[in-house]
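Taken together, the values in this text are just the output of simple stated rules run on the coordinates, not laboratory data. Treat the numbers as computed from the prediction; the structure is a model and nothing was measured. When we count neighbours, we look across all protein chains shown, and the Cβ atoms used for this are built from the backbone with ideal geometry, even at glycine.
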Amino acid sequence: MRIQLSEHHSVVLYRKTSAGQESAFVLEDDVFSAIALQHKKPLWKEVFPYKISPGKTEESYALQADYYVGLDWLVEGKKFVHVQPKVNAKLLELFRAGLDKEAEDNQEKAAEEEAKAKKELESANNGEETLQVNYLRMLLDIYTSNITNQQIGQLVKIDWDASPIKIEQKDDQLTPFLVVQFLRLLQSIVRKGLKKSYYKVQENLNNRVKGKILVGKHIKQNVFKNRMTNTWCEYQMFGEDHLENRFLKKVFSFCTSYIQNNTFLQEDIKDKTTHIINYCRPAFEHIGDEIKETSLRNMKPNPFFKEYTEAVQLGNYILRKFAYNISSTSADVVETPPFWIDMPRLFELYVYRKLLDANENDTGKILYQFGTYGNYLDLLIKNGEDSIIVDAKYKLHYQNSHIHQDIRQVAGYARLKKVREKLAIPPDDDRNIACLIIFPTLSDQFPDLSLASIKSKIHDKSGSSPFEIKAYHKVYKLGIPLPVI
């Protein structure tokens, strides 16, 4: 049923013959024939989560995962692709080594080195050199910072129209991702204070009338039962017990049940989410949870409470994921819609968050996603003569030509006039702006990301700086450790 891959890992799918053996990569004839080469619906900006193309023989297909983790049907109802957040230590080492090398003028020599690297990767993929990326910790780090929801954007794409896929709860990556996102948003809402609004209340009042009389209900509950002093009324109140807060409380109860019953969450993630739950619980003590989901369709967003719009959207995702049944939160086998998590964007935000942490007094100098003429820089550090263009590269594969393309891309950003104007560089000043490529590593030591430390690394005049890419002028590299399990 499942074809399991890690990020940027490729396999060959074969048609099963009479002599073929059982394997995830050997498909039954009906499944193999049903594979469609045309791509499904694209993700962000026409990006596809994986690639499938004709193999070297007529009885094979080449399947390659990209930089997205999640799962989707290869053949609906029969076979699905599951890409896990695992990185290969050898891949990261080869990319780092590729940044260290001088540009090769000899194309034959460069091709030989690349072929050698691919052989090493094949043997590494067959071995046990992969580690699972702790993407939930990255997500928690991002949501604990001052990064706005608009900057975070859409990190996950869910196809609710497709048939759900049955998997074991320990392999479920979507639910914890949504739950962590929702709890962080809820914590932000509680910290600011729950929104107050007008809401309708129905009550059987004694010896008085308030609002409008519910004639039908009054006759059934009072007149027919000879309660002549009571009147069923509906009136409006102003407070926190309105539809949106009731909905958030209902989703909150689902998330709480999921965290308490899930035995596969890492201890640090469970501790942090439990802390958030304990922080949010008192705010909802006096709020009911009886609500019809259809009543939220006409909700109008309030610019003073922007988090509510996204929290309601995530809440709907979570309730649909659990099929509106709270007992599903403890099931061993779960159904999940096809989904993909944008790991490159998650890494960009993780780098941004670490830079903000290291420069608490200079956060205004760090600009995220500065855009000009359709080009969006990952990060722009506006620091006078020490300004830097930063490009976060979530690279999990080695290809010599692509490394040089990445370097030329970030160098091209430095020549955009809008960028130079933003950095207040005069038109007659021909100096080059320093460029920094940040890539993932599996090191145990986290580098100092303060602007003063980065400046000292860039202006190292010894000629032996490990951060300099020697084949290029004023282009530097810096590795940031990924949190792994």
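With just the Cα atoms defining each centre, how far is region 136-158 from region 346-380? Give it in Å. Comparing the Cα centres of region 136-158 and region 346-380, I get a distance of 13 Å.
Scalar couplings 3J(HN,Hα) for region 153-166, obtained by applying the Karplus form with A = 6.51, B = -1.76, C = 1.60 to θ = phi - 60°, are x, 9, 8, 10, 10, 10, 9, 6, 7, 7, 5, x, 10, 8 Hz; x denotes Gly and Pro. With each label modelled as a point 7 angstrom along the Cα→C-beta vector, the Lys470-Tyr324 pair spans 6.6 nm.
Were the residues from Gln445 through Ile219 laid out at 0.36 nm apart, the gain over their Cα-Cα distance would be 74.0 nm.
I need the peptides 225-231, 239-245 ranked by packing, meaning the mean over residues of other C-beta atoms within 10 angstrom, with the highest value on top.
Working: 225-231: 12.0, 239-245: 19.1.
Taking the mean over residues of other Cβ atoms within 10 Å, the ranking is 239-245, 225-231.
Would you mind classifying region 344-481 by shape? Square roots of the alpha carbon gyration tensor eigenvalues, ordered a ≥ b ≥ c; an a/c under 1.5 is rounded, otherwise it is prolate if a/b is larger than b/c and oblate if not. The shape class here is rounded.
Round to the nearest 0.05 the FRET efficiency obtained for Glu28 and Asn149 when R0 = 35 Å and r is the Cβ-Cβ distance. Provide the component values of the computation, followed by the final result.
Details: r = 45 Å, r/R0 = 1.29.
The value I calculate is 0.20.
A simple rule links phi to the HN-Hα coupling: the Karplus curve 6.51 cos²θ - 1.76 cosθ + 1.60 with θ = phi - 60°, which for region 218-227 gives 5, 5, 5, 8, 10, 5, 5, 9, 6, 9 Hz, with x for Gly and Pro. Computed from backbone phi, the HN-Hα couplings of region 380-385 come to 10, 9, 8, 9, x, 5 Hz, rounded to whole numbers (Karplus: 6.51 cos²θ - 1.76 cosθ + 1.60, θ = phi - 60°; Gly and Pro given as x). Under a 5 Å amide H cut-off, with hydrogens placed 1.01 Å from N, Leu5 pairs with His82, Val83, Gln84 among residues at least 5 apart or on other chains.
When you count, for each residue, the other Cβ atoms within 10 Å and take the mean per peptide, how do 354-361, 376-383, 146-153 rank with the highest first? Each step should come with its number before you reach the end.
Numbers: 354-361: 16.2, 376-383: 19.1, 146-153: 13.5.
Highest-to-lowest ranking by the protection proxy: 376-383, 354-361, 146-153.
Taking each of Lys354/Lys418; Lys212/Lys306; Lys79/Lys170; Lys170/Lys195 in turn, the alpha-carbon distance tops 30 angstrom for Lys212/Lys306; Lys170/Lys195.
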